[in-house]
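Asker: Got a structure for you, written out below as structure tokens; questions coming shortly.
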């Protein structure tokens, strides 16, 4: 039952318009955070969804957090997958879109800044 609920919610978010406002050129919000206890199929649902991506249009970056994960490691893993365009603007290569899947987001230890 948990996996069916999670899959429904992921598909609902995925069906939202990519552009929320054409007039303001404002991108839609399609970020999703799945929460639940261990064994509630959160990772399985995401892997099922991402396995259906068209690799010519969508890239997938999977990051598994652990107690050893640091903010710098996370930043470097993202920056390693994108191209710098201008200033502080980064894009996935080849004009593609990219989905970032972070598994076990609650695993890293809190650093001195509280991150």
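Asker: Region 1-64 to region 81-112: how many Å between their Cα centroids?
Answerer: Their Cα centres are 15 Å away from one another.
Asker: Got the relative contact order for the chain handy, in percent, Cα pairs under 8 Å and 6 or more residues apart?
Answerer: Rounded, it is 24 percent for the chain.
Asker: Select one label from (i) -1.26; (ii) -1.42; (iii) -1.70: the one whose number is log10 I(q)/I(0) by the Debye sum over Cα atoms at q = 0.24 Å⁻¹ as derived from the coordinates shown.
Answerer: (ii)
Asker: Can you sort 73, 19, 1 by how many other beta carbons sit within 10 Å, fewest first?
Answerer: 1, 19, 73
Asker: A follow-up question, please. Within a 10 angstrom radius of the beta carbon, how do 112, 81, 26 rank from fewest other beta carbons to most?
Answerer: 112, 26, 81
Asker: A further question on this structure: Can I get the semi-axes of region 1-52's equivalent ellipsoid? Compute them from the C-alpha gyration tensor as square roots of 5 times the eigenvalues, in angstrom, largest first.
Answerer: Sorted largest first and rounded, they come to 27, 10, 9 Å.
Asker: What is the fewest-to-most order of 35, 100, 45 by other Cβ atoms lying within 10 Å of their Cβ?
Answerer: 35, 100, 45
Asker: Moving to a separate point now. For the chain, with a Gaussian network of springs between Cα atoms less than 10 Å apart, report the residue from 92, 38, 71 with the top mean-square fluctuation.
Answerer: For the chain, modelled as a Gaussian network with Cα springs under 10 Å, the answer is 38.
None of the figures in this text is laboratory data; all of them are computed from the coordinates on show. Every value quoted in this text rests on a predicted model; they were computed, and no experiment measured them. Cβ sites come from the backbone with ideal geometry, for glycine too, and all protein chains shown count toward neighbours.
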